[in-house]
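Structure first, commentary second.
The values are calculated or read from the model by the stated rules, or taken from the named source; none is laboratory data. Note that the structure is a prediction, hence the values are computed from the model and not measured. Glycine also receives a Cβ, built like all others from the backbone with ideal geometry; neighbour counts cover every protein chain displayed.
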Amino acid sequence: MKVLLTGAAGFIGFYVAKALLQQGVEVVGIDDLNDYYDPQLKRDRLGELGVLDQHFESGNYYPGENGFCFSLVRIDLQEQINAVFAQHQFDAVCHLAAQAGVRYSLENPTVYAQSNLVGFLNILEACRHNHIHHLVYASSSSVYGMSDQVPFTTDAQVDQPISLYAATKKSNELMAYTYAHLFGMYTTGLRFFTVYGPWGRPDMAPMLFAKAIKNQQPINVFNHGVMERDFTYVVDIAQGVCATLIKNPVDVPQRNPYALYNIGNNQPVSLSAFIEILEAEMNKKSIKNYLPMQPGDVVRTWADTTPLMNDYQYQPTTPLSYGIGEFVRWYQIYTQKNNNL
């Protein structure tokens, strides 16, 4: 099996690539290695996948080394995407590339339009014209907005996004529905909840909190700490993504060409509890700076993952204490060798 994976140098993309490779799948990755956060972290993830060249010129193709069935093409989704499809016969496409971050979308809206809307349209068109049977793509729990009907279910009304990022993800779902309806393409949207673990993004809470605790600086705790998140360990997430990719959607009983699933832990945890575990693993107390709610943020997330469990046997198993411990161990080793976090 051969899979095209966009966003392969990203946090989740890196783990999905690893999981696919472990199952004998050949992976062709696409990433533009942009500077939304330090590209060195992305390069180091690629090094773990066997792509050892640290220069990564735009447009170039980089095969993995040491027997890895992984290769990387450094391109933007606005460029040369058709050439990649022309060179390979893919069995499925996993589209994880996107401009992430709710708060960043308040300051840089045009970046989100280009990456998350135009980029996704380019993927849909490439899949259509190259007769790709199945597209799996990343959506987000942010589409639920301020909904207080928990746990969140995929049949809930989600027409009131409270950030541009959420609006682009809802738009992706609508675009995928249209292509599934018009062209008979199978599309599977995965609404990711709060993903954490080693190799995470520097703009996400675990990394921000760990850095502040390490340097004895205050951490910003929004809504005065009254927050809950459906924290999900990244290895569990990657296994769920791989399950949807590897299993032919035709073999899922009563499945329509268009499908949406929540992918999370189905177990919300208070932000305070998360911080307490992080403090214990780092053996340091945090200095908390309590702040009001940020624009575009929500008080609680909670995923109903029953459909994904029924159709793809998805079952996250990693306890929060273990996952945070693994993150802290990685963070301490990585930051001893690198000054970029």
ask   = Do we have any residue at all in region 117-128 that's polar (S, T, N, Q), within 22 Å of L33 (Cβ to Cβ) and in a loop (DSSP other than H, G, I, E, B)?
value = no
ask   = All but one of (1) surrounded by fewer than 22 Cβ atoms within 10 Å (Cβ to Cβ); (2) at pLDDT 95 or above hold for I237; which doesn't?
value = (1)
ask   = How many residues does region 149-164 hold that are at pLDDT below 90 and under 14 Å from P268 (Cβ atoms)?
value = 2
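Can you confirm whether H95 is surrounded by fewer than 22 Cβ atoms within 10 Å (Cβ to Cβ) and not acidic (D, E)? Give the steps one after another, and end with the answer.
On the way: surrounded by fewer than 22 Cβ atoms within 10 Å (Cβ to Cβ): no; not acidic (D, E): yes.
No.
Let me confirm something: among D311, D304, D297, which residue is over 19 Å from the mean Cα position of the chain (by Cα) and not polar (S, T, N, Q)?
Working: D304 fails: over 19 Å from the mean Cα position of the chain (by Cα); D297 fails: over 19 Å from the mean Cα position of the chain (by Cα).
Going through D311, D304, D297 in turn, the sole match is D311.
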task = May I ask you to say which residue of L341, L308 is surrounded by 15 or more Cβ atoms within 10 Å (Cβ to Cβ), at pLDDT below 95 and of a type outside the set (D, E)?
result = L341
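For every residue, the table says whether it meets (1) crowded, with 19+ Cβ neighbours inside 10 Å; (2) at pLDDT 95 or above; (3) farther than 23 Å from V93 by Cβ; (4) in contact with a strand residue (DSSP E or B) (Cβ under 9 Å, 6 or more places away or on another chain).
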residue	(1), (2), (3), (4)
A205	yes, no, yes, yes
L245	yes, yes, no, yes
V252	no, yes, no, yes
A259	yes, yes, no, yes
V299	no, no, yes, yes
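Does A212 satisfy the criteria of being crowded, with 21+ Cβ neighbours inside 10 Å and in contact (Cβ under 8 Å) with a residue 60 or more places away in the chain? Let's see the steps before the verdict.
On the way: crowded, with 21+ Cβ neighbours inside 10 Å: no; in contact (Cβ under 8 Å) with a residue 60 or more places away in the chain: yes.
When the stated conditions are applied, A212 does not pass them.
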remark   = Selection over region 2-24 where residues are at pLDDT 95 or above and not in a helix (DSSP H, G or I) yields a count of 9
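So which residues in region 48-90 are among the aromatic types (F, W, Y) and part of a loop (DSSP other than H, G, I, E, B)?
F56, F68, F90
Taking into account only those residues within region 67-85 that are touching a residue at least 24 places away in the same chain (Cβ under 8 Å) and exposed (fewer than 15 other Cβ atoms within 10 Å of the Cβ), which is farthest from R128 (Cα to Cα)? Spell out how you get there, then give the answer.
Keep residues of region 67-85 that are touching a residue at least 24 places away in the same chain (Cβ under 8 Å), which gives 68-78, 81-82, 84-85.
Still in the running and exposed (fewer than 15 other Cβ atoms within 10 Å of the Cβ): 78, 82.
On the way: Q78: 16, N82: 11 Å.
This residue is Q78.
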ask   = What's the number of the condition A100 fails, among (1) surrounded by fewer than 17 Cβ atoms within 10 Å (Cβ to Cβ); (2) assigned to a loop (DSSP other than H, G, I, E, B); (3) not β-branched (V, I, T)?
value = (1)
task = Just give me the residues in region 270-286 being touching a residue at least 24 places away in the same chain (Cβ under 8 Å), outside any helix (DSSP H, G or I), surrounded by fewer than 17 Cβ atoms within 10 Å (Cβ to Cβ) and not basic (K, R), in sequence order.
result = S270
query = Here are some conditions: (1) at positive phi; (2) out of contact with any helix residue (DSSP H, G or I) (no Cβ under 9 Å at 6 or more places or on another chain); (3) in contact (Cβ under 8 Å) with a residue 40 or more places away in the chain. Y37 meets all but one. Which one does it not meet?
reply = (1)
message = Given the criteria among the small types (G, A, S), touching a helix residue (DSSP H, G or I) at 6+ places or on another chain (Cβ under 8 Å) and within 23 Å of G10 (Cα to Cα), does A303 qualify?
response = yes
key: Tally of residues being assigned to a strand (DSSP E or B), more than 20 Å from N265 (Cα to Cα) and of a type outside the set (K, R) across region 287-316   = 3
